[in-house]
Amino acid sequence: MATPLKNTNRLSLAMERTGQWVFSQEIPTDVIVEVGEANFNLHKFMLVAKSNYIRKLILDTKESDVSRINLSDIPGGPEMFEKAAKFCYGVNFEITVHNVAALRCAAEYLQMTDKYCDNNLASRTEDFLAQVALTSLSGALVVLKSCENLLPLAHDLNIIQRCVDIAGAKACVEANFPSRSPPNWWTEELTILDVAFFERIVVAMKARGAKALTMASAIITYTERSLRDLVRDHSGNNTRLMEPEDSDMRMHQRELLESIVNLLPAEKAAFPINFLCCLLRTAIFLRAASSCKNELEKRISAILEHVTVDDLLVLSFTYDGERLFDLESVRGIISGFMEKEKSVAVFKGGDFGDVCTTAMQRVAKTVDAYLGEIATFGDLSISKFNGIAILVPKGARKADDDLYRAVDIYLKAHPHLDEIEREKVCSVMDPLKLSHEARVHASQNKRLPVQIVLHALYFDQLKIRSGAADDTNNNMPEAMATRNQLQADVSLVKENEVLRTELLKMKMYIADIQKTTSTQGTSKGSLKKTTFFSSVSKTLGKFNPFKHGSKDTSNIVDDAALDLTKPRRRRFSIS
């Protein structure tokens, strides 16, 4: 409601000022010019002396006496017509960089050119453009900004192109030879423009040979200013983030973001990866077009070795930091990087499975740390967790300690998983690639499945027997050689545990019979039982999985009392 009132007051003041210089004439007015809601009482002979358009309106009308003219579609509205009328009356007024484009368009509309009258309004505005407005970057940008509401006439008069050419040239000069501090002040000046005009400036700079980093600096500043709430504000406390997805504001932001992404120069390393991650999160939040998101994912994949955990977390969480996105973009970025590395390996004639470049090792370490950060969220499913972990080739990890840490955090944050689900989570890591400290922790970790614990313990026994060093990487050939035997022994160990339990039950049953029956009546039967029990013991001894080692379990049913108490397990957490 405040804007119409302000415009009405402005029109009233304009009419009042017009009346002051019009009614000072002794000759009464004979025509009313309507411009929107404003009416101007003027003299025909003063108007037709400068404006060929008004002259033709009066001459071409069929009415004998024209007393009212409607010029509501004049560029600039009542304010510009008032200045044009003052020019016709010879009244002084100020031409500025803010109104010169509108005055030039109004002069063209009213046909106030030198063809009709020497030194007319059109030539006066052209002189101001050439001598004042377009001599500086700031002036050219202000004139270009004022042309946003003067289309298409401003385009037809070549005002826009002139502003773009001069602004692009002066921006390139400022980028190479700054004239004031801070050196990137010119990027702030460009932020006043509409994205369509900003795009034309960037294209003009590129045509003049501007470097990719120079254009990137302008695009970053423009993006952070025009999408401040989404790209710059990471707190999530801004209330405008609660706007509906189909609101005009969200639609405008979506179109603006897609236009900015189309402006990005082809050089992949021109932009900081944090900025690209912020753009991608904004695209996910605004539900931008797939082409927009795919382009950002490709750019991040190209420089993924420089990504940090915080950068990946930017892509993963909503602005309030409470919920996870679908993580498909993160998977797409990692997959794109691995495909690039695979292509390089094939081109060099190598095997991608054996490739372990420095970049891949850095990415693998970052991905494992990233999994540890998102593992605490309850809505992260096993499939999503495993889906990201398996994107990194096993050869890219020298040790699986970081991945084991992420797995342990996930199991701790999801305590209700059953044995099969815990085995699925642990399937992404290799227990034989854990360091000695990690294997010791794993052997005492009650959250891990039994099979993983057995793997860790078995490998430690192999190392102790062979006297090998603690370095896991040096023992990989031996570990791989015993993997098949380990898989077979795991099932045998489980079977041995079952038989050991049955054996204990049998011994307790015999003891109970001895207490409840008489000594004479049961002595013979008891002897037979004892004989049978001894034969069973000898049979079970053959299932010892450690028969090639130093530990002997053949006397498991010795007459000594069987100690059933399990060793106390201390619970550690490296998370």
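The values are calculated or read from the model by the stated rules, or taken from the named source; none is laboratory data. The model shown is predicted, which means the values in this text are computed figures rather than measured ones. Every residue, glycine as well, gets a Cβ built from its backbone with ideal geometry; the counts of neighbours run over all protein chains shown. The area values use the complete protein model at the heavy-atom level, side chains included, leaving out ligands, DNA and RNA. Shrake-Rupley method; radii C 1.70, N 1.55, O 1.52, S 1.80 Å.
A full extension of the chain between residue 287 and residue 39 corresponds to an added length of 84.5 nm, given 0.36 nm per residue minus the alpha carbon distance.
Here the gap between residue 156 and residue 177, fully extended at 0.36 nm per residue and compared with their Cα-Cα distance, gives a gain of 4.2 nm. For residue 69, the amide hydrogen comes within under 5 Å of the amide hydrogens of 32, 33, 34, counting only partners 5 or more places away or on other chains and with H modelled in the peptide plane.
For the peptides 90-100, 190-200, 401-411, residues were scored by their other Cβ atoms within 10 Å and the scores averaged per peptide; the highest-first order is 401-411, 190-200, 90-100. Debye-formula intensities of region 150-211, expressed as log10 I(q)/I(0) at q = 0.13 Å⁻¹, are -0.36 (one equal scatterer per alpha-carbon, no solvent).
The phi-based Karplus calculation (6.51 cos²θ - 1.76 cosθ + 1.60; θ = phi - 60°) puts the 3J(HN,Hα) values of region 217-227 at 4, 5, 5, 4, 4, 5, 5, 5, 7, 7, 10 Hz, whole numbers, x for Gly and Pro. Within the accessible area of region 123-226, the carbon and sulfur atoms contribute 53%, probe 1.4 Å, all protein chains present. Of interest is the spacing of the C-alpha centroids, which for region 362-394 and region 267-342 amounts to 15 Å. Fully extending the segment from residue 73 to residue 213 would add 46.0 nm, taking 0.36 nm per residue of separation and subtracting the current Cα-Cα distance. With R₀ set to 22 Å, the beta-carbon distance separating residue 255 from residue 275 gives a calculated FRET efficiency near 0.65. Which entries in the list 394/446; 83/206; 206/342; 412/505; 115/206; 340/398 go over 30 Å, if you measure between the two C-alpha atoms of each? Beyond 30 Å between Cα atoms: 83/206; 206/342; 412/505; 115/206.
Residue by residue, region 177-185 carries 3J(HN,Hα) couplings of 9, x, 9, 7, 9, x, x, 9, 4 Hz when phi is fed to the Karplus relation 6.51 cos²θ - 1.76 cosθ + 1.60 (θ = phi - 60°); x denotes Gly or Pro. Computed 3J(HN,Hα) for region 416-424, one whole-Hz value per residue from the Karplus formula 6.51 cos²θ - 1.76 cosθ + 1.60 where θ = phi - 60°, is 9, 6, 7, 4, 5, 5, 5, 5, 5, glycine and proline marked x. With K and R counted +1 and D and E -1, the other residues having a Cβ less than 11 Å from that of residue 80 yield a net charge of +1. Taking H placed 1.01 Å from N in the peptide plane, check which residues at least 5 places from residue 317 or on another chain put their amide H under 5 Å from its amide H. Under 5 Å from the amide H of residue 317 lie the amide H atoms of 325, each far enough along the sequence or on another chain. Surface listing: 394, 424 arranged by accessible area from highest to lowest gives 394, 424, probe 1.4 Å.
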